[in-house]
1. Can you tell me the FRET efficiency between Glu210 and Ile81 if r is taken as the Cβ-Cβ distance and R0 is 51 Å, rounded to the nearest 0.05?
2. So what are the three principal axis dimensions of the range 159-262 from its Cα atoms, in whole Å, longest to shortest?
3. Multiply the residue separation of Ser196 and Met1 by 0.36 nm, subtract the distance between their alpha-carbon atoms, and state the gained length in nm to one decimal.
4. Thr112 versus Ser133, label points 7 Å from Cα toward the beta carbon: distance in nm?
5. Between Ala247, Ala32, Ala230, which gets the highest mean-square fluctuation from a Gaussian network model of the chain, Cα cutoff 10 Å?
6. Give the residues of the range 1-35 whose amide nitrogen is closer than 14 Å to a point set 7 Å from the Cα of Lys60 in the direction of its Cβ.
7. About the Cα centre of the range 7-141, what is the dipole size in debye to 20, counting +1 per Lys and Arg Cβ and -1 per Asp and Glu Cβ, all else neutral?
8. For the chain, what is the calculated [θ] at 222 nm in deg cm²/dmol (nearest 500), taking -39500 (n - 2.57) for each run of four or more DSSP H residues and dividing by its residue count?
Amino acid sequence: MSFLPLTPPGQTPLRVMTIAGSDSGGGAGIQADMRTFAMLGMHGLVAVTAVTVQNSLGVKGFHEIPLDVIAGQIEAVASDIGVQAAKTGMLASSAIIDTVADTWRGQGLAGTVPFVVDPVCASMHGDPLLHPSALDSLRGRLFPLATLVTPNLDEVRLLVDVDVVDDASQRAAAHALHALGPQWVLVKGGHLRASSQSPDLLFDGTDFFEFDTARIDTGHDHGAGDTLAAAIASALAHGYPVPDAVAFGKRWVTECLRAAYPLGHGHGPVSALFRLHG
């Protein structure tokens, strides 16, 4: 596959921020984001929102970072280092979502810096990573700031109460999500387990763009959503139009799935390290 342009040695690379939780097992969250940023030649910036206690078998618990520390991380890097794009992951609570939204606006980043919102609600094992009361803040505060939102089908069901089972319901979900205020919506089809394909649908309120690839047969897909969003944010930092950035992200995560490896006694992670071998 073709990669993003690399910055020559000694020159400052583009900066992409992840505002997300830490995964102690190293498979998802900021750890997955930073691997993709590094493999794509980006300088990764971090605002940690929560620290999870998890491994390949599931999430045992998590601790939310104090709100002033979350805001301070965003402010510190935005005011000094600069941000060309950002993505969110685990935000855990209404208070954290509101803090991220207020800080993003307060730093003058809203509407000027591409902002990918991955509405993480639960782990791949079904363990909750977002308090149910936070869904309203996610819909009302963060989605209107988003350049792109990237929910999977479980998150679609929670956010807009649409059960995606086919193309028609996937399009209905895209309409419902777009009505919440983001510029673009990507309804990911990876959880359509009965299909041999992995159909993702992009929508800007007028036009649909379809991204369909053969499903990679692997039981190791931890961190796939984070990796996709991180790759899209990296392409947006380079100035790619949203459909092109999504196309790049789809190719990237497909290769990461192809290179996934076992880890521990449960689900292993997708691997951005494939780039080191070719």
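1. Values: r = 37 Å, r/R0 = 0.72.
With a Förster radius of 51 Å, E is 0.90.
2. That gives 39, 35, 20 Å along the principal axes, largest extent first.
3. Numbers: separation 195, 0.36 × 195 = 70.20 nm, distance 2.19 nm.
Here the segment from Ser196 to Met1 would lengthen by 68.0 nm.
4. Calculated label separation equals 3.4 nm.
5. Evaluated over the chain, the most mobile residue of the options is Ala247.
6. 24-26
7. Working: 7 positive and 11 negative charges, 57 e Å.
Charge dipole, the range 7-141, about its Cα centre: 280 debye, nearest 20.
8. Taken over the chain, the calculation gives -10000 deg cm²/dmol.
The values are calculated or read from the model by the stated rules, or taken from the named source; none is laboratory data. This structure is a prediction, so every number in the text was calculated from the model and none was measured. Here the Cβ is made from the backbone with ideal geometry for all residues, glycine too, and neighbour counts use every protein chain on show. These area figures cover heavy atoms from the full protein model, side chains too; ligands, DNA and RNA do not enter into them. Shrake-Rupley method; radii C 1.70, N 1.55, O 1.52, S 1.80 Å.
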